[in-house]
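The values are calculated or read from the model by the stated rules, or taken from the named source; none is laboratory data. The shown structure was predicted, so the numbers you read here are calculated from the model rather than taken from an experiment. Methodologically, a virtual Cβ is constructed for each residue, glycine included, from the backbone with ideal geometry; neighbour enumeration extends over all protein chains shown.
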Amino acid sequence: MIVKEIKIAVPWGHIAAKIWGDACNSKILMVHGILDNAESFSGLIQLLPQSFHYVVVDLPGHGKSSHFPKNIIVNYWNYILAIRLVVRFLNETPIILLGHSFGGSLLTVYTQLYPNEVSKLILIDGVYLLYIFEVEVFKNYMKRYIRQACDMLTQIATYRTFTYDEGLDLFTTKRLFGTVSSESAAHIYERNIVSGNSGLISHFVNLQIVIPEAHIQGSGSGEHHVDKGSIINLVCIIDKSPTPPQYVFWYHNNNMINYDTNRGGINVETLPGHPTQSRLTITDTHEADSGNYTCSASNTEPAFVYVYVSEGDNVDAILMRKSCGMCVASQLILLLIPSMAAAMR
């Protein structure tokens, strides 16, 4: 089959791709796994029918493709955007998609977003990159990871250099998932390296970190006041998250809120995205609804707000509470003044 290299222009540079076969044939877009590149499909394509036009991309930051801009936080959805730009460039719908591992995960989500533009979805070891740890194990892992990453980010960026054989050995033995044969590793490895003036081989890695955050809108003071019989309306925002959280739970004091309770009038609506929003609505409120409300997402520290349900105007209630605090302080000052005056005589 005819083999060519192409570059697809994108806002941050280009996406490199290898193409096999006649461009007049139906296209199959192929996406590799994490830390691999287009070369990982070269052996498989030799065994596939020659009646298709195979387009195999290097994901951004892999192989010969440009890295994402340094000023953005790289997340799962950036790769979905990259695939979207490639599909638009190919200008063929519906198209056949084939993905391996992380590439399969990306293409599965892409197909869910654009089902009418995909004729077939083929997955090889397709996975979702979701991890579940015990709480302490997860905390220790993340703290160690953040510490090491921060140390790395504060260092001056340098190239790591190796001889060809040293680099190939590291590439073969230090993979995150599974093993790879020396023959397969050599093909993938050569696409990841550049030659240095000293005859050494280098591979630059740029790491960026993001820590998701959660907050409840309007909770700057830590309090939320509503009239008895009105509606509690709380909105929790989960921001700076590479992927939407797996779940968002609401708690009243220490108890998870039960939406199926006989009380009724309780509703939660969660909209995944960037950011993710979760809205808790409680109608016909009464004094028992007062208390601490917690928004707990799978990937962030929880956010809190204390809700007061009371009779009368909310503003009056707030002012009364604050004025009472000022009254106590002023009374203490008045009591201290005579004592200080007597001590100074």
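Looking for whichever is within 25 Å of the chain's Cα centre (by Cα) and closer than 26 Å to Glu311 by Cα here; the options are Ser219, Ser230, Ser241. Which one fits? Full working, then the answer.
On the way: Ser230 fails: within 25 Å of the chain's Cα centre (by Cα); Ser241 fails: closer than 26 Å to Glu311 by Cα.
None of the other options fit; the residue is Ser219.
For region 164-210, filtered to residues that are touching a helix residue (DSSP H, G or I) at 6+ places or on another chain (Cβ under 7 Å), closer than 27 Å to Pro69 by Cβ and of a type in the set (A, V, I, L, M), the residue that is modelled with the highest pLDDT is Ile188. Here Tyr54 clears all of (1) modelled with pLDDT of 95 or more; (2) assigned to a loop (DSSP other than H, G, I, E, B) except the condition numbered (2).
Residues in region 82-96: is at least one within 25 Å of the chain's Cα centre (by Cα) and assigned to a loop (DSSP other than H, G, I, E, B)? Looking for residues that are within 25 Å of the chain's Cα centre (by Cα) and assigned to a loop (DSSP other than H, G, I, E, B), one finds none in region 82-96, hence no.
Just to confirm my filter: which strands (runs of 3 or more DSSP E) fall fully inside region 214-311 and include at least 2 residues that are free of Cβ contacts under 8 Å to residues at least 60 places away in the same chain and out of contact with any helix residue (DSSP H, G or I) (no Cβ under 8 Å at 6 or more places or on another chain)?
So the answer is 232-239, 248-252, 266-271, 276-282, 291-297.
Does Phe249 satisfy the criteria of being within 30 Å of Asp169 (Cα to Cα), of a type in the set (Phe, Trp, Tyr) and either touching a Lys or Arg at 6+ places or on another chain (Cβ under 9 Å) or at pLDDT 85 or above (or both)? Against the criterion (within 30 Å of Asp169 (Cα to Cα), of a type in the set (Phe, Trp, Tyr) and either touching a Lys or Arg at 6+ places or on another chain (Cβ under 9 Å) or at pLDDT 85 or above (or both)), Phe249 does not qualify.
Residues of region 19-55 being within 23 Å of Glu117 (Cβ to Cβ) and charged (D, E, K, R), which ones? Listed by number, the residues that qualify are Asp22, Lys27.
Number of residues in region 1-43 that are touching a residue at least 12 places away in the same chain (Cβ under 8 Å) and in a loop (DSSP other than H, G, I, E, B) equals 14.
Take the conditions more than 25 Å from Gly220 (Cβ to Cβ), modelled with pLDDT of 80 or more, surrounded by 10 or more Cβ atoms within 10 Å (Cβ to Cβ) and of a type outside the set (A, V, I, L, M) and apply them to Asp289. Does it pass? Considered against the rule, which asks whether it is more than 25 Å from Gly220 (Cβ to Cβ), modelled with pLDDT of 80 or more, surrounded by 10 or more Cβ atoms within 10 Å (Cβ to Cβ) and of a type outside the set (A, V, I, L, M), Asp289 comes out as no. Sub-6 Å Cβ pairs linking a first residue in region 44-73 that is hydroxyl-bearing (Ser, Thr, Tyr) to a second residue that is part of a loop (DSSP other than H, G, I, E, B), at least 6 apart or interchain, are Ser51/Asn25; Tyr54/Gly21; Ser65/Asp58; Ser66/Trp12, ordered by first then second residue.
Between Leu90, Leu59, Leu107, which is touching a Ser or Thr at 6+ places or on another chain (Cβ under 7 Å) and not basic (Lys, Arg)? Of Leu90, Leu59, Leu107, the one residue that is touching a Ser or Thr at 6+ places or on another chain (Cβ under 7 Å) and not basic (Lys, Arg) is Leu59.
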